[in-house]
Amino acid sequence: MDSEWDLWVSKIVSDKNGFTAPINLAANPSFETGTTDFYQPFYTSFTPTNTMAHTGQWSARVNCSGTGGVRQKVTFPSGTRFLTASLWSFANGVTLQESNDFSLYVDLWLSNGTWVWQNTASFTPGTSAAWEQRVVTVTSEVDMDYALVHGLCRRRSGEAFFDDMVVTASP
Ligand SMILES: [Ca+2]
């Protein structure tokens, strides 16, 4: 009977609390709108460009002499205790040492009203031979409300391109 099938399907969905598969929670993750849509202004921010891309035709170009990069606020489903964030970068003449100033940089807000700052994975300065991926994972004993996911290149010379932001959550 159709009604039994519907009941079974709805039970499966509800049992999984919405965590049916890894879903990318980032919007405009590959910058293919060619706009800054869904990314928060963050100091000098970034310029969409179709001269470089890891996938598709667009990426985010960041002038590293500024103090910012790309930033997106990602809100998690209730019950989230684990997140992964991934970002690709291509450096062009990025100076200075490897540091958090050129990195995938995640600040996390928990449901108990506290921050977990600076979950980071730094990219390689210089000029890239190929796109480079970095991944940050965070686990928490407390539910996660949202994260600010950044691709930073700041306080140095050169430029960096970012593409393919992927943020996933699970219980
Ligand atoms: Ca892209």
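The values are calculated or read from the model by the stated rules, or taken from the named source; none is laboratory data. This is a predicted model, so every value here is computed, not measured. We place every Cβ from the backbone using ideal geometry, glycine too, and count neighbours over all the protein chains shown.
Quick notes on this structure:
- Test: Ala27 is at pLDDT 95 or above, under 24 Å from Ala130 (Cα atoms) and of a type outside the set (S, T, N, Q): no
- All positions within segment 107-134 that are more than 22 Å from Trp58 (Cβ to Cβ) and touching a His at 6+ places or on another chain (Cβ under 7 Å): none
- Across segment 90-99, not a single residue is classified as of a type outside the set (S, T, N, Q) and modelled with pLDDT under 90.
- Whether a residue is of a type in the set (Phe, Trp, Tyr), loosely packed, with under 14 Cβ neighbours inside 10 Å and out of contact with any helix residue (DSSP H, G or I) (no Cβ under 8 Å at 6 or more places or on another chain) was assessed, and Trp109 does not pass this test.
Let's see how each residue does on (1) under 19 Å from Trp109 (Cα atoms); (2) among the small types (Gly, Ala, Ser); (3) touching a residue at least 60 places away in the same chain (Cβ under 8 Å):
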position: Glu32; (1), (2), (3): no, no, no
position: Thr36; (1), (2), (3): no, no, no
position: Tyr43; (1), (2), (3): no, no, yes
position: Lys73; (1), (2), (3): yes, no, yes
position: Thr84; (1), (2), (3): yes, no, yes
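- Within the option set Ser99, Ser103, Ser128, being outside any strand (DSSP E or B) and crowded, with 16+ Cβ neighbours inside 10 Å holds for one residue only, Ser128.
- Test for Thr49: is it hydroxyl-bearing (Ser, Thr, Tyr), under 19 Å from Cys153 (Cβ atoms) and within 16 Å of the ligand (Cβ to nearest atom): yes
- Thr55 meets the conditions (1) without any contact (Cβ under 8 Å) to a residue 60 or more places away in the chain; (2) within 16 Å of the ligand (Cβ to nearest atom); (3) surrounded by fewer than 15 Cβ atoms within 10 Å (Cβ to Cβ); (4) not basic (Lys, Arg) in every case but one. The failed one is (1).
- Only one entry of Thr120, Thr137 meets the criterion of being over 19 Å from Phe42 (Cβ atoms) and either loosely packed, with under 15 Cβ neighbours inside 10 Å or not charged (D, E, K, R) (or both), and that entry is Thr137.
- From the list Thr80, Thr67, Thr84, the one residue that fits, being surrounded by fewer than 16 Cβ atoms within 10 Å (Cβ to Cβ) and not in a strand (DSSP E or B), is Thr67.
- Test for Ser14: is it out of contact with any helix residue (DSSP H, G or I) (no Cβ under 6 Å at 6 or more places or on another chain), hydroxyl-bearing (Ser, Thr, Tyr) and modelled with pLDDT under 95: yes
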